[in-house]
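The next block holds one structure in the form of structure tokens; read it before the comments.
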Amino acid sequence: MFRLLKRNAWIMVTICLAGGAFAEPAAPAACPEGASVSSVSFEGLKHTKSRVVERELLNRVGEAFSMEKFEIEKARLQDLDLFTEITVSCDKVGELAEPTSIKLTYHFKEIFRWIPAPAGKKTDRDGLMLGLALANINVLGEDIRLEVQYRTTVDPFFDKNEYALYASSPYMFGLPLGWNFEFLVTDSYDNIRGFQENSILLDIDLDYKFLPNLSLLGTAAYRMLDGMANLPEFGLGFAFDYRDSKLDTRNGVYFEYMLTHVGEGEEIVAFCAGDYEFAGSWDDPWDGPEDNPKNCCGKSCGENYWELLTDARAYKTFGRFVTGATALVRYRPGEVKFFDYYYHGGANTFRGHEADSGSLGVHEALLTLEERFVLMERHAASIWGINFFYGVQLVAGFDGSLLWDKGRPGWDNYEGAVYGGIHLVIPALDRIRFEVGYSPDRGEPVFYFGLFDKVTSSRWRSR
């Protein structure tokens, strides 16, 4: 499920901070509970095809209208990230004072479709990256997202660069087969793992919902790390999803298990590079050190390992308070090279310290217990004819981190931290996070700025 969220990283901060009047229309009259639905129609679908909406509806012609069903289908429609506002109204059929049959009308206010915009990405490795993007979030009205991006670091400018093409949709040829395609070119020095990354990534992820709450997952990818390795990836898994909403979840549980194989152990020999004094020459890389743990100088950089991933999440709401508990565990037996080591530290992993070369490991576990207070519920708004929505939440929580290389982790591999902050809930990015974390082991509070829910960004931070 995170695959349909993880790459929509074009920033709407300029819209949210711009001046203008927020307009909210009056809500339509409520529909009578239990009245028979004689017809269903839509208003406000200027760019979205009706079948995109119809496949999410639960109130159907010939059945009794239920407000409970509407609240469920409203959450499903909000998950499409196409609308700022969704309401329903009805007209009675006949002259009876108490209608037994109604005409149901769904009213939509669409989010902008085409937009050239600032592009942004915040990772623990590269920091804040900004650039330009051109995005269409609803290609042909079929809920297909297409986006091209260029991003570079801001401190210093143009030090690290990324070029990206993303495309995704929750359906394929009318089937509930979600897909996400990514093409990413990276030119960046990884100061955490200590190597220059010149890479190309091709990735396709599939999510087939064959039961309402059960999906089969698949992934296929190919990474080319220039001068080091060519790494194919193939994976299969499944997910149980009983959440009320994928975006800004309030109640329910999610559990995913994924088994992925990475690499073939191919014999690709890297040039000498890394955090050490080079003893040879670039024309003869075999003269350099051969056993530095941070490089593959004179050795194969090929990988050959399995990754067993478990992603568990649970949420419960009490009034305005939303309690969430999440656990992400990834265990990788086999040959894992330094450039794929996990790191902890920063807004996307462990909010107790910044990521550094001292927080690396082959296997990882990230644990989070978070309390959210809904300061302002989601509101629809419009500025200069551009429709969007916004909400505000206060957060506080606890992060736990485990990183280890072999065997079972011990207390020496564990770190804990507390954090608090404020989240701005918006379209496409899910949320913008402003947080302060504190780890007793480090003794100094750290400010963090993040995009997306942390549980989402943790899944793709390593790329």
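The values are calculated or read from the model by the stated rules, or taken from the named source; none is laboratory data. Just so we're clear, the structure is a prediction, and the values are computed from it rather than from any experiment. Cβ coordinates were reconstructed from backbone atoms using ideal geometry, including for glycine residues, and neighbour counts include every protein chain displayed.
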Could you please let me know if Glu197 is surrounded by 15 or more Cβ atoms within 10 Å (Cβ to Cβ), under 22 Å from the mean Cα position of the chain (by Cα) and on the phi < 0 side of the Ramachandran plot?
no
If you go through segment 393-437, how many residues are of a type in the set (Gly, Ala, Ser) and surrounded by 20 or more Cβ atoms within 10 Å (Cβ to Cβ)?
6
Which is modelled with pLDDT of 85 or more, under 20 Å from Met224 (Cβ atoms) and touching a strand residue (DSSP E or B) at 6+ places or on another chain (Cβ under 9 Å), of Arg151, Arg125, Arg145?
Arg151
Is at least one residue of segment 376-389 part of a strand (DSSP E or B), more than 30 Å from Gly227 (Cβ to Cβ) and modelled with pLDDT of 90 or more?
yes
Pick out the one residue from Tyr189, Tyr222 that is touching a Leu at 6+ places or on another chain (Cβ under 9 Å) and part of a strand (DSSP E or B).
Tyr222
Among residues belonging to segment 62-84 that are among the acidic types (Asp, Glu) and at pLDDT 90 or above, point out the one that is farthest from Phe389 (Cα to Cα).
Glu63
Name the residue that is farthest from Glu377 (Cα to Cα), counting only residues in segment 300-322 that are touching a residue at least 24 places away in the same chain (Cβ under 8 Å) and among the hydrophobic types (A, V, I, L, M, F, W, C).
Cys301
Some residue of segment 94-112 being at pLDDT 90 or above, among the charged types (D, E, K, R) and farther than 25 Å from Arg250 by Cβ:
yes
Filter segment 233-268 down to residues that are over 25 Å from Thr456 (Cβ atoms) and out of contact with any Cys (no Cβ under 7 Å at 6 or more places or on another chain) and give me whichever is modelled with the highest pLDDT.
Gly263
Give me the pairs: first residue in segment 438-453 and within 11 Å of Ala417 (Cα to Cα) and crowded, with 21+ Cβ neighbours inside 10 Å, second residue at pLDDT 90 or above and acidic (Asp, Glu), beta-carbon distance under 8 Å, and six or more apart or on different chains, which are they?
Ser439/Glu415
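Which ones in segment 404-422 are out of contact with any Ser or Thr (no Cβ under 6 Å at 6 or more places or on another chain) and either part of a strand (DSSP E or B) or within 17 Å of Thr323 (Cα to Cα) (or both)?
Hits for segment 404-422 are Trp404, Tyr414, Gly416, Val418, Tyr419, Gly420, Gly421, Ile422.
Please tell me if Ser188 is hydroxyl-bearing (Ser, Thr, Tyr), modelled with pLDDT under 95 and more than 30 Å from Pro176 (Cβ to Cβ). Can you show your working first?
Details: hydroxyl-bearing (Ser, Thr, Tyr): yes; modelled with pLDDT under 95: yes; more than 30 Å from Pro176 (Cβ to Cβ): yes.
Yes; evaluated as a whole, the condition is true for this residue.
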Looking at Thr48 and the list (1) farther than 17 Å from His379 by Cβ; (2) at pLDDT 85 or above; (3) crowded, with 17+ Cβ neighbours inside 10 Å; (4) in contact with a strand residue (DSSP E or B) (Cβ under 6 Å, 6 or more places away or on another chain), which single condition is not satisfied?
(4)
